[in-house]
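Undergrad: Supplied in structure tokens, the structure appears directly below.
The values are calculated or read from the model by the stated rules, or taken from the named source; none is laboratory data. Owing to the predicted nature of the structure, the values given are computational and were not obtained by experimental measurement. Here the Cβ positions follow ideal geometry from the backbone for every residue, glycine too, while neighbour counts run over all protein chains shown. The area values use the complete protein model at the heavy-atom level, side chains included, leaving out ligands, DNA and RNA. Shrake-Rupley method; radii C 1.70, N 1.55, O 1.52, S 1.80 Å.
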Amino acid sequence: MSVPSAPLLLRLDRFDPESGLFASFADSPRVPLLRLRPLPTSGRKILEAIGALDENAARLLPRFRRKFPDMWAAVEAVGAGLPNGTDQSLFFFFSLCSVALGIEEADIRDAASVFSGLQIDYALIQEEEQWLLDTRTTLRSLWSYKLAEVSNALLLFSLFESLGQTLGAFAGRCGDLLRAQAIRLSGDLAAHPFLRAGLRRGLPRGFATLEEAPASDASLPNGLNASGRKSADPDLLPAPAARATEEREPTRVEG
């Protein structure tokens, strides 16, 4: 049986800022189709960027600050004393989610027992002819659920599952345009069980997934989150925290 060609490449590596979805044809440079939109490395600027999304976000942030002052302060302190910049790695994004939710080791253990998640927002935007995944909306979505007293374990599961589903749906649309029916997966997050479950939901039926050999964990630095603490379980949550095959209706909580 012949192996289908895979002009689509989905690279998901927590430490690689070049992660994303690519058109990857033989003997040609790969073409980025979807990348992560960079986040500010300053917590204060991240909060400003979320608040500037729309009126709902502007109303949500003060509510969150009043109810969860410690988590607000932890996000505000991200990058304090360091030069301003941006980061578009999955490591930074998932680390930030860990800080924003106040993730603890028990939350990570409990997430392994979750089997169905909520719909977490991942916005797709286009800037200068490049499609980007805008994770500012993701942080707003997480805090909206947190205000509704959704457990951290469920939010962790949903964070990965919704990312996989969003990437799978976008890859399916690209596959239609490129007449492709297969996607190659690479990077140390490609085998994450929650993310893979969402990816299976998002990809069109019959779309083949081809595996690349994963990088050895021994070659990767220890996981640290945005506040500098070590991750509790890098196999479950690649950055310390935050960072499965039947259809379900999305569930949302308005901010």
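Undergrad: When the chain is fully extended, how far beyond the present Cα-Cα distance does GLU55 get from ALA182, taking 0.36 nm per residue of separation? Don't skip to the answer; put the middle values down first.
TA: Details: separation 127, 0.36 × 127 = 45.72 nm, distance 4.02 nm.
Result: 41.7 nm gained on full extension.
Undergrad: What do you get for trypsin sites (Lys or Arg not before Pro) in the range 3-45 restricted to DSSP loop and a cutoff of at most 16 other Cβ within 10 Å of the site's Cβ?
TA: Values: sites: ARG11, ARG14, ARG30, ARG35, ARG44, LYS45; in loops: ARG14, ARG30.
Those satisfying the criteria are ARG30.
Undergrad: Give the residue list of GluC sites (Glu not before Pro) in the range 1-96 that are DSSP loop and have at most 14 other beta-carbon atoms within 10 angstrom. Mind dumping the intermediate values first?
TA: Values: sites: GLU18, GLU48, GLU55, GLU76; in loops: GLU18.
Answer in residue order: GLU18.
Undergrad: Using a probe radius of 1.4 Å on heavy atoms only, what accessible surface per residue do you get for the range 122-170? Whole Å² is fine. Numbers along the way, then the final one.
TA: On the way: 1530 Å² over 49 residues.
Roughly 31 Å² per residue, with all protein chains present.
Undergrad: Report the residues of the range 64-100 in range of a label on LEU147: point 7 Å along Cα→C-beta, backbone N strictly under 13 Å from it.
TA: 64-68
Undergrad: On to the next question. Rounded to the nearest 10 Å², what accessible area does TRP143 show when all protein chains are kept and the probe is 1.4 Å?
TA: 10
Undergrad: How much length, in nm to one decimal, is gained on full extension between ILE125 and LEU210, taken as 0.36 nm per residue of separation minus their Cα-Cα distance?
TA: So the extension gain works out to 27.9 nm.
Undergrad: For ASP110 and ALA191, what is the calculated FRET efficiency with R₀ set at 35 Å and r taken between the beta-carbons, to the nearest 0.05? Write out the running numbers ahead of the final one.
TA: Working: r = 21 Å, r/R0 = 0.60.
Calculated value: 0.95.
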